[in-house]
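Data block below; observations after.
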Amino acid sequence: MSTATHAFTDSATMLRRQLRHMLRYPTLTLTAAGVPVVFLLLFVYVLGGILGSGLGGPSGGRDAYVNYVVPGVILMTAATAAQGTAISVAIDMTEGIVARFRTMAIARVSVLTGHVLGSLAQTLLSMAIVTGVALLVGFDPTAGFGEWLGVIAVLVLIIFALTWLSVALAIMAKSVAAASNMLTPLMILPMMGSGFVPTDSMPGELKWFADYQPFTPFIETLRGLLMDTPIGNNAILAIGWCTLITLGGYLWARKLYNREPTQ
Amino acid sequence: MTTDLGHPALAATAVRKAYGDHVVLGGIDLDIPTGSVFALLGPNGAGKTTLVQILSTLIRADAGEMRVAGHDVVRDPDAVRAAIGVTGQFSAVDGFLTGEENLLLMADLHHLPRRERRQCATDLLARFDLVDAARKPAVTYSGGMRRRLDLAMTLVGRPRVIFLDEPTTGLDPRSRRTMWEIIRGLVVNEGVTIFLTTQYLDEADQLADRIAVLHQGKLVAQGTAEELKRQVGGGHITLRFTDARGHDYAARTLDVVSRNDEALTLKVSSQGTCGRCAHCWTGSTAPRSPWTNSRSTPPISTTSSSR
Ligand SMILES: Nc1ncnc2c1ncn2[C@@H]1O[C@H](COP(=O)(O)OP(=O)(O)OP(=O)(O)O)[C@@H](O)[C@H]1O
Ligand SMILES: [Mg+2]
């Protein structure tokens, strides 16, 4: 059998392993969805009235704010799920099982691909939960079938990017706690972009950061697809960022993983 | 040395490894015939794990030529990996999966055909007395069960050369003997070659065709158990104890040359003493002796000196 076939079957095996973990411990998926749901409810019910009026739309108030905030909350799910990925990769790296994999004639990177593909499934599921809750609290997207497909495609790209990045960070971290901490800033990024309030309302330097960080084009692309707001060049920017982060994260993770283990 | 068992399963010359200034392995030569058991004996920090990790392609040596199962460790690590099985010092099981799932995972990674993989898992579970625990997550296993699962996982790909890093450390005397039986069975029934490390002289004595003692980065003694005993014959062994009770008990039981109550050491004649000390270590002759029930690990270390 060729190396390519091995890489494929071994990755599939490792994916099955991750899915088993996920089914055995559904709390992992629920936790990834839990934090964004809490933020959603908090922002919609506690702050939504005021923030919604500030948006200046025709209806204003809470109803308008739900529709505004959902893309940001969905991306927050990508960030919390990436943290979950980092934790499970870090657990793997500190346990002996990875040492065993390293002494076996298997496609090396398959351990990591398994994690990434498993996380992709898990994150999409968490996002579905978050979206479900959003629909219950009044989220009313304009998206048709085609737009929803677009939403899923964009989310898959974003999840890939964030997951490969978190895999690399987790291998670098060398401990479970450090891996978890390293991913925390990722959860703040949607808030420091256009996720919760328009960047126009932010003071100078923060606005500059918000406009140029990757989460803003991510959010604007999603918002455009879901709510029919103008997307402009945000889609191109989002795809560019995703490609860059995925490639960087993948190469970095692979390099770190192939490096000699030290304990 | 004559090897009429064909080419060696493992051959190494001048293997070196240092961490910074600390030379862990200072030129190790090995020649292990196919179908034999080799035991590497050494105290904590001697470099046993380091040598196993180098030979099993986990880490790179600074220098040295190594061939395992006929393949060059440095140039062709994947060929080596396909031929070996490794049970490391620390448990290498997936705790979130059940025992059975762990074995099936190994079967999949070895690309066993669909039908064989189930059979293989079922056989190994039975052989390692894990049938009742097969459907429970490995995190719930006791240390001994984990160790057995660990070894079972190593056997899935039918490796020709097996590395066992301290396979019985932490096992109770009964599990220990079970493990020995399994290891002997592997050699007799399947003709595999085994490289094991241990801190216990009696374990090496029980299992190994050849024993090497690793001390300060060098193999200071090598040979069969008999040859080793002859080498240290006429010499003395210093036994060091961690508690006074054990020290006192041993002083009354063994042929003591000299005794130091301050440092809790005993100097004994090495002639014929090894076997008896070894028994004390496992507690097989004196199950209630003070040094078997005072601690779970043997509280003595030995250093031998000629003359
Ligand atoms: N990654 C590392 N960096 C620095 N020093 C190391 C590293 N790995 C091992 N060492 C050192 O190498 C020496 C040998 O370690 P090794 O684990 O091989 O010993 P061992 O014989 O297996 O001991 P034990 O019986 O305790 O398992 C020790 O002094 C250890 O501190
Ligand atoms: Mg060791």
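Residue under question is B:ARG184, and the condition is that it be within 14 Å of another protein chain (Cβ to nearest Cβ), touching a residue at least 12 places away in the same chain (Cβ under 8 Å) and surrounded by fewer than 21 Cβ atoms within 10 Å (Cβ to Cβ); does it hold?
For B:ARG184, the condition - within 14 Å of another protein chain (Cβ to nearest Cβ), touching a residue at least 12 places away in the same chain (Cβ under 8 Å) and surrounded by fewer than 21 Cβ atoms within 10 Å (Cβ to Cβ) - is not met.
Look at segment A:181-213 and say how many of its residues are without any contact (Cβ under 8 Å) to a residue 60 or more places away in the chain and not polar (S, T, N, Q).
Looking only at that region, the number is 15.
Checking the condition open to solvent by 10 Å² or more (accessible area, probe 1.4 Å) and in contact with a helix residue (DSSP H, G or I) (Cβ under 9 Å, 6 or more places away or on another chain), which residue from B:GLY45, B:GLY64, B:GLY27 passes?
Just a single option satisfies the conditions, and that option is B:GLY64.
Take residues that are away from chain B (no Cβ under 14 Å) and tell me which of the helices (runs of 4 or more DSSP H) falling wholly in segment A:94-175 contain 1 or more.
Fully inside segment A:94-175 and qualifying: A:110-136, A:145-173.
Of (1) modelled with pLDDT under 95; (2) of a type in the set (Gly, Ala, Ser); (3) surrounded by fewer than 19 Cβ atoms within 10 Å (Cβ to Cβ), A:GLY248 satisfies all except one. Which?
Checking A:GLY248 against (1) modelled with pLDDT under 95; (2) of a type in the set (Gly, Ala, Ser); (3) surrounded by fewer than 19 Cβ atoms within 10 Å (Cβ to Cβ), the one that fails is (1).
State which residue is farthest from the other protein chains (Cβ to nearest Cβ) when the search covers only segment B:106-118 and only residues that are in a loop (DSSP other than H, G, I, E, B) and touching a helix residue (DSSP H, G or I) at 6+ places or on another chain (Cβ under 7 Å).
B:LEU112
What residue, among those in segment B:202-223 that are touching a Phe, Trp or Tyr at 6+ places or on another chain (Cβ under 8 Å) and farther than 10 Å from B:LEU40 by Cα, is nearest to ligand 2 (Cβ to nearest atom)?
Restricting to residues being touching a Phe, Trp or Tyr at 6+ places or on another chain (Cβ under 8 Å) and farther than 10 Å from B:LEU40 by Cα, the top hit is B:GLU203.
So which of B:LEU151, B:LEU155 is in the same structural domain as B:VAL68 (by TED's automatic domain parsing), open to solvent by 10 Å² or more (accessible area, probe 1.4 Å) and touching a residue at least 24 places away in the same chain (Cβ under 8 Å)?
It is B:LEU155.
Does any residue of segment B:121-129 turn out to be open to solvent by less than 30 Å² (accessible area, probe 1.4 Å), closer than 22 Å to B:THR98 by Cβ and within 16 Å of ligand 2 (Cβ to nearest atom)?
No, the conditions are met nowhere in segment B:121-129.
Please go through segment B:194-224 and give me each residue that is open to solvent by 20 Å² or more (accessible area, probe 1.4 Å) and either in contact with a Lys or Arg (Cβ under 6 Å, 6 or more places away or on another chain) or of a type in the set (Ser, Thr, Tyr) (or both), ordered by number.
Residues satisfying the conditions are B:TYR200, B:THR224.
Give the residue that is farthest from the other protein chains (Cβ to nearest Cβ), with candidates limited to residues of segment B:167-179 that are away from ligand 2 (no atom under 16 Å from the Cβ) and open to solvent by less than 20 Å² (accessible area, probe 1.4 Å).
B:ARG176
Taking B:GLU166 as the residue in question, decide whether it is among the charged types (D, E, K, R) and at positive phi.
In short, yes.
Would you pick out the residues in segment B:87-109 that are in contact (Cβ under 8 Å) with a residue 60 or more places away in the chain and open to solvent by less than 20 Å² (accessible area, probe 1.4 Å)?
B:THR87, B:ALA92, B:VAL93
Taking the condition of being within 16 Å of ligand 2 (Cβ to nearest atom) and at the interface with chain A (Cβ under 8 Å from one of its Cβ atoms), how many residues in segment B:89-105 meet it?
Result for segment B:89-105: 3.
Any idea how many residues of segment B:18-61 are more than 23 Å from B:VAL187 (Cα to Cα), more than 16 Å from ligand 2 (Cβ to nearest atom), in contact (Cβ under 8 Å) with a residue 60 or more places away in the chain and of a type in the set (A, V, I, L, M)?
1
A:THR221: polar (S, T, N, Q), open to solvent by less than 80 Å² (accessible area, probe 1.4 Å) and at pLDDT 90 or above, yes or no?
yes
The values are calculated or read from the model by the stated rules, or taken from the named source; none is laboratory data. This structure is a prediction, so every number in the text was calculated from the model and none was measured. Neighbour counts are summed over all protein chains in view; Cβ atoms, including those assigned to glycine, are modelled from backbone coordinates with ideal geometry. Please note that ligands, DNA and RNA were not included when accessible areas were found on the heavy atoms of the full protein model with its side chains. Shrake-Rupley method; radii C 1.70, N 1.55, O 1.52, S 1.80 Å.
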